[in-house]
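Enquirer: The structure that follows is given in the form of structure tokens.
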Amino acid sequence: MSKQIQRVTGMQDVLPEDRRYWDAVIAAAERVAGRFGFQRMELPIIEAEELFSRGVGEGSDFFVQKEMYTLTEPDGSRITLRPEFTAGFMRAYIQNGMSNWTQPVKLYTIGPSFRRERPQAGRLRQHSQFNCEVLGEDDPAADVEVMMLAMSLYRELGYTGLTFQLNSTGCPVCKPVYIKALVAYLDGYREQLADIDKERLSKNPLRVLDSKEKGMDALLAGAPRIADHLCDDCREHFAEVRGLLDELDQTYTINFRLVRGIDYYTKTVFEVWQEGIGAQAALCGGGRYDGLAEDIGGPPTPGVGFGSGVERIVLGMKEQGIALPPAPPVPFYLAHFGGATKMAATQLAFRLRAAGIPARLAFSRRGRSLKSQMREADHLGARYVLIVGEDELTQGQVTARPLAGGEQTRVPAGELVAWARARLDE
RNA sequence: GCGGGUGUGGUGUAGGGGUUAACACGUCUGGUUGUGGCCCAGAAGAUCGUGGGUUCAAGUCCCACCACUCGCCCCA
């Protein structure tokens with residue numbers, strides 16, 4: 001037991017039963033993204049460490065060292081398992097000269113990313129994410145498009161009762177001014193702050209806004225709000241985003257405590273929340289990052305997007321009691337008695353498969369009772385058991401027994417494929 | 001990195017110092033010659049997370065470690 005090799009901490013096996021949820025999520029994501037005119041692409045799972053360490057800016061070195069999977073190559077270069085997608089998209093946009101394409105470029109991808117943190121509900125070290133980005137566009141309509149894409153996905157999957165959290169995080173012009181005002185306010189209450197919040201106050205003041213310490217709700221209710229400190233450009237942008245959402249009848253909650261600590265985030269930030277999937281209620285998080293391209297050594301390029309974890313969407317679906325379409329049944333099960341009948345059954349199974357018809361063949365080295373084969377077929381949920389016995393063999397036939405009930409019939413072996421195809425869409 | 005909870009067949013549990021570790025579900029086989037589900041009978045499957053300690057005796061008590069889990073930190 002103890003010597004068995006076990007799953008690495010924070011990794012997950014997704015068993016077939018659960019994987020069906022993934023199918024549903026991924027299929028819906030592709031449908032919706034396609035409908036919105038986004039194209040799928042693949043990004044490498046490994047990128048240069050600098051892509052992430054530079055991209056996240058200073059003041060965030062802590063998690064860069066502690067929470068990324070980074071390896072050193074023999075030549076000394078350092079490579080990292082991607083902890084997010086946005087930086088990779090921006091890198092790809094720049095490197096592939098996408099700024100010369102018709103703008104904006106609308107892309108999405110689905111795949112794994114990695115973070116070395118203590119696992120908890122809906123937060124594993126490897127998780128899969130659906131990620132959409134609009135690159136090369138600063139129109140607030142792009143922000144809204146991305147938001148509506150996320151909401152459309154959840155609606156399509158059958159979600160109800162989600163709350164849409166919206167805020168603006170300002171830009172390099174107005175954000176620093178706001179931070180000053182916030183710090184000035186919080187300084188006045190320094191003695192009331194928990195140790196952790198005092199630390200945040202000096203390291204990354206915006207984070208105090210989403211403090212979970214008790215008493216903070218009341219204290220922060222009186223704090224200065226970013227919305228009152230936005231520069232003209234950001235204020236107009238935010239107003240247009242809200243106006244478009246109103247126009248679309250998309251309800252939202254302005255959440256002045258919704259923040260992004262990283263510098264390259266500008267203007268729009270949003271999350272979609274759902275109760276009951278653990279401490280992390282966010283189904284997706286996104287926003288605008290007009291400063292990112294320059295951070296990673298590219299020309300100024302606006303962008304907006306969001307990421308949504310597949311595992312968390314699945315958790316949420318279960319939480320909401322969203323049912324999946326039933327698993328596809330095994331339509332045909334080939335039973336036999338060994339020897340020549342096994343040869344014939346094998347032959348028929350492959351003939352069915354070659355014709356695109358799913359068929360399951362009974363296995364056994366020494367021959368098995370029909371009973372046990374029937375039982376297996378039943379457990380598999382097979383619709384028909386096709387019995388190939390001595391009798392059938394000599395007459396060039398197959399016995400077709402419907403498991404759901406009904407008469408058992410004989411089918412000439414030569415007509416089996418046509419017969420099976422006809423049963424398939426009953 | 002920090003804190004809480006939990007570790008007994010595949011799954012869910014019982015057993016709280018006394019020797020063959022129990023039950024349910026699941027799996028497999030059989031219930032006459034070639035027919036599933038229900039029922040019946042039987043079988044396989046657990047060194048009780050690991051290591052140490054206390055004791056004549058340890059799933060049972062003690063310690064440590066590990067894993068899982070929930071949360072904190074952090075959140076790209």
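The values are calculated or read from the model by the stated rules, or taken from the named source; none is laboratory data. These numbers come from a predicted model, not from an experiment. Cβ coordinates were reconstructed from backbone atoms using ideal geometry, including for glycine residues, and neighbour counts include every protein chain displayed. Note: areas computed on protein heavy atoms with side chains; ligands, DNA, RNA excluded. Shrake-Rupley method; radii C 1.70, N 1.55, O 1.52, S 1.80 Å.
Enquirer: Sort A:SER369, A:SER202, A:SER53, A:SER308 from largest to smallest accessible area, using a 1.4 Å probe on the heavy atoms of the protein chains.
Expert: The residues order as A:SER202, A:SER369, A:SER53, A:SER308, largest area first.
Enquirer: Given the convex hull of the Cα atoms of chain A, what is a quarter of its surface area in nm²?
Expert: Reported value for the Cα convex hull: 29.0 nm².
Enquirer: Further question: Just by accessible area at a 1.4 angstrom probe, what is the order of A:SER152, A:SER113 from largest to smallest?
Expert: Correct descending sequence by accessible area is A:SER152, A:SER113.
Enquirer: Let me know the charge dipole size of segment A:175-229 about its Cα centre in debye, to the nearest 20, where only the beta-carbon of Lys, Arg (+1) and Asp, Glu (-1) is charged.
Expert: With Lys and Arg at +1 and Asp and Glu at -1, about 200 debye.
Enquirer: Placing +1 at every Lys and Arg Cβ and -1 at every Asp and Glu Cβ, with all other atoms neutral, what dipole size does chain A have around its Cα centre, in debye to the nearest 20?
Expert: It comes to approximately 2140 debye.
Enquirer: Using a probe of 1.4 angstrom, how much of the accessible area of segment A:172-250 is carbon and sulfur, in percent? Kindly include the intermediate steps, with their values, before the conclusion.
Expert: Values: 2340 of 4610 Å².
Carbon and sulfur: 51 percent of the exposed surface of segment A:172-250.
Enquirer: Enter the accessible area of A:MET41 (Å², nearest 10), with the probe set to 1.4 Å and all protein chains included.
Expert: Accessible area of A:MET41: about 40 Å².
Enquirer: Given the peptides A:15-23, A:87-95, A:118-126, A:69-77, arrange them by the average over their residues of other C-beta atoms within 10 Å, most packed first. Walk me through the numbers before you get to the answer.
Expert: Values: A:15-23: 12.6, A:87-95: 20.9, A:118-126: 15.4, A:69-77: 9.7.
Peptide ranking by packing, descending: A:87-95, A:118-126, A:15-23, A:69-77.
Enquirer: Please label the shape of segment A:339-396 as rounded, prolate or oblate, based on the square roots a ≥ b ≥ c of the eigenvalues of the alpha-carbon gyration tensor (a/c under 1.5 means rounded; beyond that, a/b larger than b/c means prolate, else oblate). Before the final figure, lay out the partial values.
Expert: Details: a/c = 1.60, a/b = 1.02, b/c = 1.57.
Since a/c reaches 1.5 but b/c is at least a/b, the shape of segment A:339-396 is classed as oblate.
Enquirer: Per-residue accessible area for A:LEU230 at 1.4 Å probe radius, Å² rounded to 10?
Expert: A:LEU230 has an accessible surface of roughly 10 Å² with all protein chains in place.
Enquirer: What pairs from A:LYS342/A:LYS371; A:LYS175/A:LYS267; A:LYS180/A:LYS214 go past 18 Å between their alpha carbons?
Expert: A:LYS180/A:LYS214
Enquirer: Kindly report the accessible area of chain A per residue (heavy atoms of protein chains, probe 1.4 Å, no ligands, DNA or RNA), in Å². Each step should come with its number before you reach the end.
Expert: Numbers: 21570 Å² over 426 residues.
It amounts to 51 Å² per residue over chain A.
Enquirer: On to the next question. By how many degrees, between 0 and 90 and to the nearest 10, does the Cα long axis of helix A:339-354 differ from the longest principal axis of chain A?
Expert: Rounded to the nearest ten degrees, it is 40.
Enquirer: Would you list A:ILE5, A:ILE226, A:ILE46 from the most to the least accessible area, probe 1.4 Å?
Expert: The ranking, largest first, comes out as A:ILE5, A:ILE46, A:ILE226.
Enquirer: Can you tell me the order of A:183-191, A:25-33, A:356-364 when each peptide is scored by its average per-residue count of other Cβ atoms within 10 angstrom, highest first?
Expert: On the way: A:183-191: 13.0, A:25-33: 18.8, A:356-364: 16.6.
Result, highest mean first: A:25-33, A:356-364, A:183-191.
Enquirer: If you don't mind, there's one more thing I want to ask. By the 4.7 Å beta carbon criterion, which cysteine residues of chain A come out unpaired?
Expert: Taking the Cβ cut-off of 4.7 Å, the unpaired cysteines of chain A are A:CYS132, A:CYS171, A:CYS234, A:CYS284.
Enquirer: So how exposed is A:MET374, as accessible area in Å² (1.4 Å probe, rounded to 10)?
Expert: It works out to around 40 Å².
Enquirer: Using only Cα atoms, tell me the angle between helix A:232-247 and the longest principal axis of chain A; keep it within 0 to 90° and round to the nearest 10.
Expert: 40
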